[in-house]
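Right, one structure below, let's go through it.
The values are calculated or read from the model by the stated rules, or taken from the named source; none is laboratory data. Quick caveat: nothing in here was measured; it's all calculated off a predicted structure. In this analysis, Cβ positions are derived from the backbone assuming ideal geometry, glycine residues included, and neighbour counts consider all displayed protein chains. Surface areas here come from the heavy atoms of the whole protein model, side chains and all, with no ligands, DNA or RNA. Shrake-Rupley method; radii C 1.70, N 1.55, O 1.52, S 1.80 Å.
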Amino acid sequence: MQPSAPPFDERLTAPRSWWFIAFGVGVACALMLLPLGTLPMLAGLVGGMAAAALVVSGYGSARIRVVAGSLVAGEARIPLSALGEPEVLDAEEARAWRTHKADARAFMLLRGYVETAVRVEVTDPEDPTPYVYLSTRDPRGLAAALSGVPTA
């Protein structure tokens, strides 16, 4: 019986500064509607903030999990048997792999505000995807979960 991979679950939430930007969008919408009166201004404030908050929340809701012998990253579900050894990328290597080393065929769940990442080769010969690139704040934990090594 093969040991199961350690559980891993991470949500890539947007940074706090983005929520201040969402508030700023609401204020900008309110100022645009100020000449129309107080009620339109308040509606612009609430509506603008709500719309911006939905965008920030939606972008920040990316989730990476290792469950039931599969890597679930965003919309992708990849069996661990189709993946090679994970490579932990520091900030400099991660930047290189999301810019000049990137392959257009790769599956990339990247968030520019997360500096570190994990890169895993796809070993399935029928899959044209060369590798999976995952932004993560815990690259060692994700690599351990993908390789089935318990973390200390």
In the stretch 52-66, is there at least one residue being in contact (Cβ under 8 Å) with a residue 40 or more places away in the chain, among the β-branched types (Val, Ile, Thr) and under 23 Å from Arg16 (Cα atoms)? yes
Check Ser57 against each of (1) farther than 15 Å from Tyr113 by Cβ; (2) open to solvent by less than 90 Å² (accessible area, probe 1.4 Å) and name the one condition it does not meet. (1)
Ser147 vs. criteria over 30 Å from Trp18 (Cα atoms) and free of Cβ contacts under 8 Å to residues at least 60 places away in the same chain: no
Report, by residue number, each residue of the stretch 60-74 that is out of contact with any helix residue (DSSP H, G or I) (no Cβ under 8 Å at 6 or more places or on another chain), at pLDDT below 90 and buried (at least 16 other Cβ atoms within 10 Å of the Cβ). Ala62
Do you know which residues across the stretch 95-152 are over 11 Å from the mean Cα position of the chain (by Cα), in a strand (DSSP E or B) and closer than 16 Å to Val72 by Cβ? Phe107, Val118, Val120, Val122, Val132
Suppose we keep only residues that are in a strand (DSSP E or B) and over 15 Å from Pro130 (Cβ atoms) within the stretch 75-92. Which one would you say is least open to solvent (accessible area, probe 1.4 Å)? Leu89
Within the stretch 112-128, does at least one residue satisfy the condition of being in contact with a helix residue (DSSP H, G or I) (Cβ under 9 Å, 6 or more places away or on another chain) and on the phi > 0 side of the Ramachandran plot? no
Take Arg98 and tell me if it is open to solvent by less than 80 Å² (accessible area, probe 1.4 Å) and of a type in the set (D, E, K, R). yes
Name the residue, out of Ala30, Ala14, Ala52, that is open to solvent by less than 60 Å² (accessible area, probe 1.4 Å) and outside any helix (DSSP H, G or I). Ala14
Restricting attention to the stretch 105-152, and to residues there that are open to solvent by 30 Å² or more (accessible area, probe 1.4 Å) and among the aromatic types (Phe, Trp, Tyr), which single residue is modelled with the highest pLDDT? Phe107
